[in-house]
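Visitor: Submitted below is the structure of interest, expressed as structure tokens.
The values are calculated or read from the model by the stated rules, or taken from the named source; none is laboratory data. These numbers come from a predicted model, not from an experiment. In this analysis, Cβ positions are derived from the backbone assuming ideal geometry, glycine residues included, and neighbour counts consider all displayed protein chains. Ligands, DNA and RNA are stripped out before the accessible areas are found, and what is left, the full protein with its side chains, is counted by its heavy atoms. Shrake-Rupley method; radii C 1.70, N 1.55, O 1.52, S 1.80 Å.
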Amino acid sequence: MISIRQIHPVFVGEVSGADLTQPLSREDVAAIEAGMDRYAVLVFHDQKITDDQQMDFGQNFGAIENSKGGNITKDHELRLKQGMNDVSNLDKDGQPLERASRQRWFNLGNMLWHSDSSFRAIPAKYSLLSARVVNPVGGNTEYADMRAAYDALDAATKALIDDLVCEHSLMYSRGSMGFEGLTDEERAFMKPVRQSLVRTHPVSKRKSLYLSSHAGKIVGWMVPEARDLLRDLNEHATQRENVYIHRWRQHDLVMWDNRQTMHRVRRFDETQPRDMRRTTVAGDAMTAKQAEAA
Ligand SMILES: [Fe+2]
């Protein structure tokens, strides 16, 4: 039987009594989903799973998101099968990517606070990240509770932002790091999408700030005004008391709700492997009306 213990003052539960290599009972799936609604991040230790088992586990909570358009890695460079997001630092042959590798440059963007797939019109629900090989130095993942961030805003700021809509694109997050030289084809799949700045959780009905490094504009605002406000909100949302630091052990699996949290990876030793594999559970609705096609 599954039980969940809160391990951070604000959010995050640690799950015991689950074996993710095996099919779960309906009761266990319901308990995990309820835990996600409440804690927003769940930590499972000692889950030595295969890619197929990880995808089967994810499918308890919705369809697996099509990972196309989320990275510049070309199909022939992929290390993992369809349905698995490779967030390792490894090339197709399992070797750490070269310093000058474009793939590596692009992946450095994961060190910015973000919500997975906020650059998609229908953004992700959950992400499930499995640690197959832990890097010897650093590489912690940090999580911020965006419900707590919203709750702590003053009334005037809540009134200002409640109906705002942002534009999200991989172009904005990578552009903010000085990543240049995107091809026309890459620009085409990075076309900005619109997302509400404030979301309401479908079950708990709690409001949360929907921020991400992919957000680069606010509809109807000048870009510098928008960037100022977004930067300010990001600073507010990632204050230490609302942040959980996950220090990875091999075979940990961490599952988070992208609708209620942001996350980022911290620096690690890039000459050594860090084999992390993500499965993404697709969301089921847009958060804002999209712009008319030009
Ligand atoms: Fe991510």
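Visitor: Across the range 139-294, how large is the tail of the calculated P(r) beyond 26 Å, expressed as a percent of all Cα pairs?
Guide: So the pairs more than 26 Å apart make up 33 percent of the total in the range 139-294.
Visitor: Which percent of the accessible heavy-atom area of the chain goes to carbon and sulfur, probe 1.4 angstrom? Please report the intermediate quantities before stating the final value.
Guide: Numbers: 6980 of 14000 Å².
That share works out to 50 percent.
Visitor: Something else: On alpha carbon coordinates alone, what is the Rg over Rh value for the range 158-198, Rh being the Kirkwood radius?
Guide: 1.13
Visitor: Here's a follow-up. DSSP H helices in the chain with Cα extent of 18 Å or more along the helix axis and mean Kyte-Doolittle hydropathy at least -1.0?
Guide: Counting only whole DSSP H runs, the qualifying helices are 26-39, 223-237.
Visitor: For Cα pairs less than 8 Å apart in space and 6+ apart in sequence, what is the mean separation divided by the residue count of the chain, i.e. the relative contact order in percent?
Guide: 33 percent
Visitor: Also: Could you give the alpha-carbon Rg of the range 215-279 over 2.2 N^0.38 Å, rounded to two decimals?
Guide: Rg over 2.2 N^0.38 Å, computed on Cα atoms: 1.50.
Visitor: So for the chain, taking the charge dipole from beta-carbon charges (+1 Lys/Arg, -1 Asp/Glu), which of Ala131, Ser101, Val219 sits furthest toward the positive end?
Guide: Towards the positive end, the residue furthest out is Val219.
Visitor: Over all directions, the average projected area of the alpha-carbon convex hull for the chain comes to how many nm²?
Guide: 15.0 nm²
Visitor: If packing is taken as the average number of other Cβ atoms within 10 Å across a peptide's residues, how do 136-147, 156-167 rank, most packed first?
Guide: Highest to lowest by the protection proxy: 136-147, 156-167.
Visitor: May I pose another question? Run lengths n ≥ 4 of DSSP H only: what is the helix-derived mean residue ellipticity at 222 nm for the chain, with -39500 (n - 2.57) per run over all residues, to the nearest 500?
Guide: -6500 deg cm²/dmol
Visitor: What's the extension gain from Met111 to Glu186 if we count 0.36 nm per residue and subtract their Cα-Cα distance?
Guide: Length gained, Met111 through Glu186: 24.9 nm.
Visitor: Students often get this wrong, so check it: of Lys191/Lys217; Lys158/Lys207; Lys48/Lys125, which have C-alpha atoms separated by over 18 Å?
Guide: From the list (Lys191/Lys217; Lys158/Lys207; Lys48/Lys125), the Cα-Cα distance tops 18 Å for Lys48/Lys125.
Visitor: While we're here: Counting only other residues whose beta carbon sits under 10 Å from that of Ala282, what net charge do I get with K and R as +1, D and E as -1?
Guide: On the way: positive: Arg120, Lys125; negative: Glu65, Asp284.
Its environment carries a net charge of 0.
Visitor: Another question about this same structure. Taking the chain as a Gaussian network, Cα atoms linked when under 10 Å apart, which of Asn89, Asn66, Asn258 shows the biggest mean-square fluctuation?
Guide: With Cα springs under 10 Å in the chain, the top fluctuation among Asn89, Asn66, Asn258 is at Asn66.
Visitor: Right, next: Got a sec to turn the phi values of the range 202-208 into Karplus ³J(HN,Hα) couplings, 6.51 cos²θ - 1.76 cosθ + 1.60 with θ = phi - 60°, whole Hz, x for Gly and Pro?
Guide: x, 9, 6, 6, 6, 7, 9
Visitor: Once the convex hull of the alpha carbons of the range 177-266 is built, what does its volume come to per residue, in cubic angstrom?
Guide: Working: hull volume 16.0 nm³, N = 90.
Taking the convex hull of the Cα positions in the range 177-266, it is 178 Å³ per residue.
Visitor: With θ set to phi - 60° and the Karplus curve 6.51 cos²θ - 1.76 cosθ + 1.60, what are the ³J(HN,Hα) couplings of the range 15-25 in order, to the nearest whole Hz, using x for Gly and Pro?
Guide: 9, 10, x, 10, 10, 7, 7, 10, x, 9, 6
Visitor: Compute the signed sum of charges (Lys and Arg +1, Asp and Glu -1) over the other residues within less than 14 Å, Cβ to Cβ, of Asn89.
Guide: Working: positive: Arg79, Lys92, Arg99, Arg102, Arg104, Arg132, Arg266, Arg267, Arg274, Arg277, Arg278; negative: Glu77, Asp86, Asp91, Asp93, Glu98, Asp269, Glu270, Asp275.
Residues close to Asn89 contribute a combined charge of +3.
Visitor: In addition: Using the crude model of +1 on Lys and Arg Cβ and -1 on Asp and Glu Cβ, and no other charge, please compute the dipole size for the chain relative to its Cα centre, in debye to 20.
Guide: 200 debye
Visitor: Follow-up question, since we're still on this one. Using the basic label-point model (7 angstrom from Cα toward the beta carbon), what is the Asp162 to Thr271 distance in nanometres?
Guide: Rounded to a tenth, the inter-label distance reads 5.6 nm.
Visitor: Mind checking the full-extension length gain between Ala34 and Met222? Use 0.36 nm per residue of separation minus the Cα-Cα distance, one decimal, nm.
Guide: Residue separation times 0.36 nm, minus the Cα-Cα distance, leaves 63.7 nm.
Visitor: Within the range 94-124, list the residues whose amide N lies under 17 Å from a label point set 7 Å along Cα→Cβ of Arg79.
Guide: 94-111
Visitor: Take the Cα of Lys205, step 7 Å along the line toward its Cβ, and report every residue of the range 147-181 whose backbone nitrogen sits under 17 Å from that point.
Guide: 151
Visitor: Would you mind counting up the charge near Gly181? Only other residues with Cβ under 12 Å from its Cβ, with Lys and Arg at +1 and Asp and Glu at -1.
Guide: Net charge around Gly181: 0.
Visitor: Residues of the chain: accessible area per residue at 1.4 Å, in Å²? Don't skip to the answer; put the middle values down first.
Guide: Working: 14000 Å² over 294 residues.
Here the per-residue accessible area is 48 Å².
Visitor: While we're looking at this one, here's another question. Just in the range 144-187: which chymotrypsin sites (Phe, Trp or Tyr not before Pro) are loop by DSSP and have at most 14 other Cβ atoms within 10 Å?
Guide: Working: sites: Tyr150, Tyr172, Phe179; in loops: Phe179.
Nothing satisfies the criteria.
Visitor: Enumerate the amide H contacts of Glu65 below 5 Å, restricted to partners 5 or more residues apart or on another chain; note that Pro and chain-start residues carry no placed amide H.
Guide: So Glu65 has HN proximity to Thr280, Val281, Ala282.
Visitor: For the range 120-136, what does the Karplus curve 6.51 cos²θ - 1.76 cosθ + 1.60, with θ = phi - 60°, yield as ³J(HN,Hα) per residue in whole Hz, taken in order and with x for Gly and Pro?
Guide: Taking θ as phi minus 60°, the curve returns 9, 4, 9, x, 5, 8, 10, 10, 10, 10, 10, 8, 8, 10, 8, 5, x Hz for the range 120-136.
Visitor: Something else now. Mind pulling the per residue volume of the convex hull built on the Cα atoms of the range 38-136? Å³ is fine.
Guide: Per-residue hull volume (Cα only) is 142 Å³.
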